[in-house]
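S.K.: Structure in structure tokens, see below.
Nothing in this text is a laboratory measurement; each read-out follows from the coordinates by a stated rule. Here the structure is a predicted model, which means the values were calculated and not measured. Note: ideal-geometry Cβ built from the backbone for every residue, glycine included; neighbour counts use all protein chains shown.
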Amino acid sequence: MVLEAREQHPGDLSIVGRIARQLGIGDQSLRNWVNQADIDRGKRAGLSSEEREELKELRKENKELKRSNEILRRASAYFAQAELDRPLR
């Protein structure tokens, strides 16, 4: 609705506020959604929704890999110490 209204009335800065009241939602919420839609369409700089989701997944994967590496590092240190403590034959 906002995008269509902007095309019909390009200079009107109160479009978001009016439409937000009509829909019964907050002005800022609607403004954020419209800004994100502009980013997704390439009309504004920023991370698209797809890029945000990919970044979220990569951060999650990175966290898991760091956790796994820490477990492996500790296990390696444990087994190395056990090898040193083993009596010689």
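S.K.: At a threshold of 8 angstrom on Cα-Cα distance, excluding pairs fewer than six apart, so keeping six or more, what relative contact order does the chain reach in percent?
M.R.: 13 percent
S.K.: Can you tell me the convex hull volume per residue for the chain, based on C-alpha atoms, in Å³ to the nearest whole number? Intermediate results must be reported in sequence, preceding the final value.
M.R.: Working: hull volume 11.6 nm³, N = 89.
Convex hull volume per residue, Cα atoms: 130 Å³.
S.K.: Let me ask something else about it. Please give the direction-averaged projected area of the C-alpha convex hull for region 1-46, in square nanometres with one decimal.
M.R.: If I average the Cα hull's projected area over directions, I get 3.2 nm².
S.K.: Can you tell me the dipole magnitude for the chain around its Cα centre, using point charges on the Cβ only (Lys, Arg +1; Asp, Glu -1), in Debye to the nearest 20?
M.R.: In total the dipole reaches around 440 debye.
S.K.: Ranking 15, 39 by Cβ neighbours within 10 Å, fewest first, what do you get? Provide the component values of the computation, followed by the final result.
M.R.: Details: 15 20, 39 17.
Lowest to highest Cβ neighbour count: 39, 15.
S.K.: How large is the helix-only mean residue ellipticity at 222 nm for the chain, computed as the sum of -39500 (n - 2.57) over DSSP H runs with n ≥ 4, divided by its residue count, in deg cm²/dmol to the nearest 500?
M.R.: Details: 4 runs with 67 residues, N = 89.
Value at 222 nm, helices only: -25000 deg cm²/dmol.
S.K.: How big is the dipole moment of region 1-46 about its Cα centre under a simple scheme where the beta carbon of each Lys and Arg is +1, that of each Asp and Glu is -1, and everything else is neutral? Debye, nearest 20, please.
M.R.: 80 debye
S.K.: With point charges of +1 on the Cβ of Lys and Arg and -1 on the Cβ of Asp and Glu, referenced to the Cα centre of region 48-88, which listed residue (82, 69, 55) lies farthest in the positive direction of the dipole?
M.R.: The residue sitting farthest along the positive end of the dipole is 82.
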